[in-house]
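Trainee: Next up is a structure, given as structure tokens.
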Amino acid sequence: MKTFVSLLLLCFIGPIFAEDNRHGEVRSFADNKFQTWNKDSEKWTSIDDFWTHFSNTNRSKYWETSNEYPNYDEVNEFDTFLVTVKQGTCLMQFFHSRWRRANDVQRWDDDFNLYSGCPYVFD
């Protein structure tokens, strides 16, 4: 009986937690387009829109988009910055005294690191 009740609970409660686990999930298409699930808006959005939403709701400063990093002495933990490289852009987050790809801090889908300029930010 306990097993039956446990399975029943998983059937009804499991999907609630599964939706939260989808936050930041990426799906890619043959034409090299990507979309990601945003749990706040409860819809699939572009990665760029996902980054914008994250930066606007993050409780730290969002620095202007640029190909030059903000002055090190002016940034704080968890600040975000959209870096521009010749291959595209990538959202960066200041974490443990250095700039990292935001995905490497937040641990969204690994495909974020394949998007736009993200594979090239450390070249």
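Trainee: Anything in segment 102-118 that is open to solvent by 60 Å² or more (accessible area, probe 1.4 Å) and among the acidic types (Asp, Glu)? List them, or say none.
Mentor: Selection gives Asp110 alone.
Trainee: Pairs only if they're at least six apart or on different chains, beta carbon under 9 angstrom, first in segment 83-99 and touching a residue at least 24 places away in the same chain (Cβ under 8 Å) and of a type in the set (Gly, Ala, Ser), second outside any strand (DSSP E or B) and exposed (fewer than 15 other Cβ atoms within 10 Å of the Cβ); list them, first residue then second.
Mentor: So the pair list comes out as Gly88/Tyr120.
Trainee: Any residue that is crowded, with 19+ Cβ neighbours inside 10 Å and in contact (Cβ under 8 Å) with a residue 24 or more places away in the chain - is there at least one of those in segment 55-69? Talk me through it step by step, then tell me what you get.
Mentor: The first filter runs over segment 55-69 and keeps only residues crowded, with 19+ Cβ neighbours inside 10 Å, leaving 55, 63.
Imposing the further condition that a residue be in contact (Cβ under 8 Å) with a residue 24 or more places away in the chain reduces the set to 55.
Scanning segment 55-69, I find at least one residue that is crowded, with 19+ Cβ neighbours inside 10 Å and in contact (Cβ under 8 Å) with a residue 24 or more places away in the chain, so the answer is yes.
Trainee: Which is open to solvent by less than 100 Å² (accessible area, probe 1.4 Å) and at pLDDT 95 or above, of Ile13, Ile47?
Mentor: Unique residue meeting the criteria: Ile47.
Trainee: Scan Asp111, Asp123 and give me the residue that is out of contact with any Pro (no Cβ under 9 Å at 6 or more places or on another chain) and either part of a loop (DSSP other than H, G, I, E, B) or over 19 Å from Ile47 (Cα atoms) (or both). Walk me through how you get there before you give the answer.
Mentor: Numbers: Asp111 fails: either part of a loop (DSSP other than H, G, I, E, B) or over 19 Å from Ile47 (Cα atoms) (or both).
None of the others qualify; the one that does is Asp123.
Trainee: Ok, one more. Val85 - would you say it is of a type in the set (A, V, I, L, M, F, W, C), over 28 Å from Ser28 (Cα atoms) and buried (at least 16 other Cβ atoms within 10 Å of the Cβ)?
Mentor: Spelling it out, it is not the case that Val85 is of a type in the set (A, V, I, L, M, F, W, C), over 28 Å from Ser28 (Cα atoms) and buried (at least 16 other Cβ atoms within 10 Å of the Cβ).
Trainee: Let me ask something else. For segment 16-39, enumerate the residues that are modelled with pLDDT of 85 or more, open to solvent by 50 Å² or more (accessible area, probe 1.4 Å) and under 18 Å from Arg107 (Cβ atoms).
Mentor: Hits for segment 16-39 are Arg22, His23, Glu25, Arg27, Lys39.
Trainee: Looking at (1) modelled with pLDDT of 95 or more; (2) farther than 24 Å from Pro119 by Cα; (3) not small (Gly, Ala, Ser), which one does Tyr72 not meet, given that it meets all the others?
Mentor: Unmet for Tyr72, out of (1) modelled with pLDDT of 95 or more; (2) farther than 24 Å from Pro119 by Cα; (3) not small (Gly, Ala, Ser): (2).
Trainee: Only one of (1) touching a residue at least 12 places away in the same chain (Cβ under 8 Å); (2) at positive phi is not met by Asn32, so which one is it?
Mentor: Checking Asn32 against (1) touching a residue at least 12 places away in the same chain (Cβ under 8 Å); (2) at positive phi, the one that fails is (1).
Trainee: Which one is nearest to the chain's Cα centre (by Cα), of the residues in segment 57-105 that are more than 27 Å from Lys39 (Cα to Cα) and of a type in the set (Asp, Glu)?
Mentor: Looking at the filtered set, the residue picked out is Glu68.
The values are calculated or read from the model by the stated rules, or taken from the named source; none is laboratory data. Owing to the predicted nature of the structure, the values given are computational and were not obtained by experimental measurement. No Cβ is skipped: glycine too gets one built from the backbone with ideal geometry, and neighbour counts run over all protein chains shown. In case anyone asks, the SASA skips ligands and DNA or RNA and just uses the protein heavy atoms, side chains included. Shrake-Rupley method; radii C 1.70, N 1.55, O 1.52, S 1.80 Å.
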